[in-house]
Amino acid sequence: MRTVYFKNKPKIIATSTIAGPKECSGSIGKFFDTKLDDDMYGETSYEKAESRMLFTAIKNSMIHAKKNETDIDAIISGDLLNQIISSTFSARNFDCAYLGVYNACATFTEALTVGSAFVDGGYLNTVVCAASSHFASAERQYRFPLELGCTRPPQSQWTVTGAGSCVLSLSGNGPHISCATIGKIVDYGVTDANNMGAAMAPASACTLDRFFKDTDSSPGDYDLIVSGDLGTLGSRILKDLIWEKGYDIEKQHVDCGELVYNIAEQEYQGGSGAGCSALVFGSYLYDRLKSGKLKKIVLMATGALLSSVSTQQGESIPGIAHAVLIEV
Amino acid sequence: MKTSADCVNNNYMKYVSAVSPRTNEKRSLFRSFWVGGFICCIGQSVRYFFEYVCGLTGDELGAYVSMVMIFLGAILTGFGIYDRIGKYAGGGSIVPITGFANSVVSPAMEFKTEGFVYGVAAKMFIIAGPIIVFGIASGVLVGLIYYIGYRIF
């Protein structure tokens, strides 16, 4: 594990987000660019709806950055579905180079890390990084049919219906990515596929610890330390684990999964999904960074690398987290 | 190579089970009791109706009641109501025969997008399949015991 530093400071020059009705009525709903009334998005299947959401987010981020398809050197994106079909099917609409990435819910920061490395190294000028997820398509792949009358356990999370995209470039204005800590897989043996917060928290504590040590900094140096989708329970575990390593992040820590829905909605531990961190970063956090209210944030998306097959075979859930430092 | 069993960190697992929220058992039991009981009351009323108004008896009566309850479960699933009942009632709406109807209709609706053969028809029994398999297997087993017992004694 190590932290890579981007000396040329790749900038996030534009973002765009799109979200379903449940997310739009949540606490940060007003910050989203495109608000959908219908989570089918006029398509005939949820998978098609998810690709179209990602397509819209990517397209709008290009428009916000005032770039044409020909200006984009590569699209780096991922999602939760098998063979990342949402990403590949949305990339089919663009005449751009495409890299598909998958790290479950940590996909967004993985894409940002890969994108920043290409841009910082001077290999590519402008890169789009994006991620998406959809409640209904994830539910049918990982769990049960939507209409099945079963209860959700209290430790479960709700997959975010949404997509976020951002445009990275060396030229232009916007907050820049100064370094990234590439996480390693940490598995403490959690097998409960409903308790992803507990499965991902050790990986996030490991990455964050490494990040503080490598950058020789402490939690007080940052305005916010944002985790991806640990949820309420996972956030609590992260705070406990990182406290054991000698860091107190109580004041700085927020979780995208906790932010995205109203607590009153009782979706247990909050939101999850690859789109969760992409949506919250692309809307609310980016807005705050642009307006200067936030100056230095750590964005650490966390992923639970399980599949429905591995769960049925009784395997535990490997967790991962990648952190990027975003500064104004 | 590491297996999942090698990964288990017992201290962490103990800690997780201590901090994870638990299902409120009293509340779940109460909800499933009254909703499950209510569904059975509806079933019983349907039975009385067929018995005293329509004059049905024996196996025919049971079959009619099952058909009506399965129909109700299926139609409520189709209208998107049964999953809300299920979210509230838990086992109370899974155990009665309406829950069986729900477990067949919900995947059929869900997988319609994959076509009628590989979607609806093939996926229809992904949840109800095990129930049928174990139902038939245990039926055969009980039948055998009954048959052998009958022959011996």
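Numbers for the structure displayed
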quantity	calculated
Under Karplus coefficients 6.51, -1.76 and 1.60, residue-wise ³J(HN,Hα) of segment A:5-20 in Hz, glycine/proline x	10, 9, 6, 7, 6, x, 9, 8, 8, 7, 9, 8, 9, 9, 8, x
Residue-count net charge about A:Pro10 - beta-carbon cut-off 14 Å; Lys, Arg +1, Asp, Glu -1	0
Size-normalised alpha-carbon gyration radius of segment A:88-237, reference 2.2 N^0.38 Å	1.20
Exercise: per-residue mean of other protein chain Cβ atoms within 10 Å, A:134-147	4
Chain A: antiparallel DSSP beta bridges as a percent of all, rounded to 5	60 percent
Whole-number percent relative contact order across chain B, with pairs defined as alpha carbons under 8 Å at least 6 apart	19 percent
Rg and Dmax of segment B:25-125, Cα atoms only, in Å	15.4, 45
Debye intensity ratio in log₁₀ form over the Cα atoms of segment A:27-109, taken at each q of 0.11, 0.20, 0.21, 0.23 Å⁻¹	-0.31, -1.03, -1.11, -1.25
Per-residue HN-Hα couplings for segment A:172-180 [Karplus 6.51, -1.76, 1.60; θ = phi - 60°; Hz; x = Gly/Pro]	x, 10, x, x, 10, 9, 9, 7, 9
Pair B:Glu114, A:Asn93: separation of 7 Å Cα→Cβ label points (nm)	2.6 nm
Spin-label proximity, B:Ser28 to segment B:77-104 - amide N less than 15 Å from point 7 Å beyond Cα toward beta carbon	B:86-95
About the Cα centre, charge dipole magnitude for chain A (Lys/Arg +1, Asp/Glu -1 at Cβ), debye	720 debye
Size of electric dipole in segment A:8-169: Cβ of Lys, Arg +1 and of Asp, Glu -1, about Cα centre, debye, nearest 20	280 debye
Relative contact order %, chain A, counting alpha carbon pairs below 8 Å whose residues are six or more apart	26 percent
Estimated vicinal HN-Hα couplings, Hz - segment A:82-96 in sequence order (Karplus 6.51, -1.76, 1.60; Gly, Pro = x)	3, 6, 5, 5, 4, 5, 5, 6, 6, 5, 4, 7, 10, 8, 9
Proximal lysine pairs, segment A:8-169, alpha carbons under 21 Å, eight or more residues apart or interchain	13
Spatial separation of Cα centroids for segment A:3-23 and segment A:169-217, in angstrom	16 Å
Test item: B:105-115 mean partner chain Cβ contacts at 10 Å	4
Beta bridges per DSSP with both ends in segment A:8-169, % antiparallel, nearest 5	55 percent
For A:Met300, B:Met109, order by how many other beta-carbon atoms lie within 10 Å, fewest first	B:Met109, A:Met300
In degrees, nearest ten, helix B:97-110 long axis to first principal axis of chain B (Cα)	60 degrees
Volume of the Cα convex hull of the protein assembly as shown, divided per residue and given in Å³	186 Å³
Net +/- balance of residues flanking A:Gly162 in space, Cβ distance below 13 Å, scoring K and R +1, D and E -1	-3
Per-q log10 I(q)/I(0), segment B:1-56, q = 0.14, 0.18, 0.30 Å⁻¹ (Debye; single scatterer per alpha-carbon; no solvent)	-0.65, -0.78, -1.06
Mean Kyte hydropathy of -0.5 or more with a Cα span along the axis of at least 15 Å, helices from DSSP in chain A	A:46-64, A:107-120, A:196-215, A:231-244
Part-to-part distance (alpha-carbon centres) for segment A:115-149 and segment A:292-317, which is given in Å	12 Å
Sorted by Cβ density within 10 Å, fewest first, the residues A:Met196, B:Met124	B:Met124, A:Met196
Extension gain from B:Val142 to B:Phe125, taking 0.36 nm per residue of separation minus the Cα-Cα distance	3.7 nm
q = 0.08, 0.09, 0.16, 0.21 Å⁻¹: log10 I(q)/I(0) that the Debye formula gives for segment A:8-169, counting C-alpha atoms only	-0.23, -0.29, -0.86, -1.37
Ranked list, fewest to most other Cβ atoms within 10 Å of each Cβ, for A:Tyr123, A:Tyr268	A:Tyr123, A:Tyr268
Protection-proxy order for peptides B:8-18, A:166-176, each taking the mean of Cβ atoms within 10 Å per residue, highest first	A:166-176, B:8-18
0 to 90° range, to nearest 10: angle between helix B:128-152 axis and chain B longest Cα axis	60 degrees
Computed P(r) (all Cα pairs; segment A:168-292; 5 Å bins; percent)	2, 10, 18, 23, 21, 15, 7, 3, 1, 0
Relative contact order %, segment A:121-268, counting alpha carbon pairs below 8 Å whose residues are six or more apart	21 percent
Reachable aspartates and glutamates from A:Lys290, criterion Cα separation under 13 angstrom, eight or more residues apart if same chain	A:Glu327
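Only the coordinates and a few stated rules stand behind these numbers; no lab work does. From a predicted model like this one, the values you see are computed outputs, not experimental measurements. Cβ: placed from backbone, ideal geometry, glycine included. Neighbour counts: every protein chain shown.
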